């Protein structure tokens with residue numbers, strides 16, 4: 001019975017190792033890249049917001065920024081609302 005538990009624990013460790021390398025680690029890497037992208041945003045960068053709206057950053061505050069989406073039209077959005085920066089995917 002002791003050998004059976006050892007084999008079961010061994011397979012569980014292998015299973016959790018596979019889960020870590022296939023799911024958790026890539027997600028952490030992607031999250032780190034996204035955080036780096038958000039921290040490198042600067043005024044006059046082109047951005048695409050989560051809703052698909054394209055614009056340019058006109059002012060950056062702590063957690064929000066003003067994005068110019070048309071002439072004389074600016075919207076204030078959270079930094080987390082940026083989906084990606086064109087040219088940096």
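Structure notes:
- Scanning the range 56-89 for residues that are under 16 Å from the mean Cα position of the chain (by Cα), assigned to a strand (DSSP E or B) and closer than 13 Å to residue 42 by Cβ yields a single hit, 82.
- Taking the criterion of being loosely packed, with under 13 Cβ neighbours inside 10 Å and either assigned by TED's automatic domain parsing to the domain that holds residue 34 or out of contact with any helix residue (DSSP H, G or I) (no Cβ under 7 Å at 6 or more places or on another chain) (or both), the residues of the range 59-77 that qualify are 59, 61, 62, 70, 71, 72, 73, 76.
- Selection from the range 8-39 of residues that are out of contact with any helix residue (DSSP H, G or I) (no Cβ under 6 Å at 6 or more places or on another chain) and in contact (Cβ under 8 Å) with a residue 12 or more places away in the chain: 37
- Residue in the range 27-42 that is on the phi < 0 side of the Ramachandran plot, touching a strand residue (DSSP E or B) at 6+ places or on another chain (Cβ under 8 Å), surrounded by 10 or more Cβ atoms within 10 Å (Cβ to Cβ) and outside any helix (DSSP H, G or I) present: yes
The values are calculated or read from the model by the stated rules, or taken from the named source; none is laboratory data. Note that the coordinates shown come from a computational prediction; the quantities given were computed from them, not determined experimentally. Backbone-built Cβ (ideal geometry, glycine too); neighbour counts: all protein chains shown.
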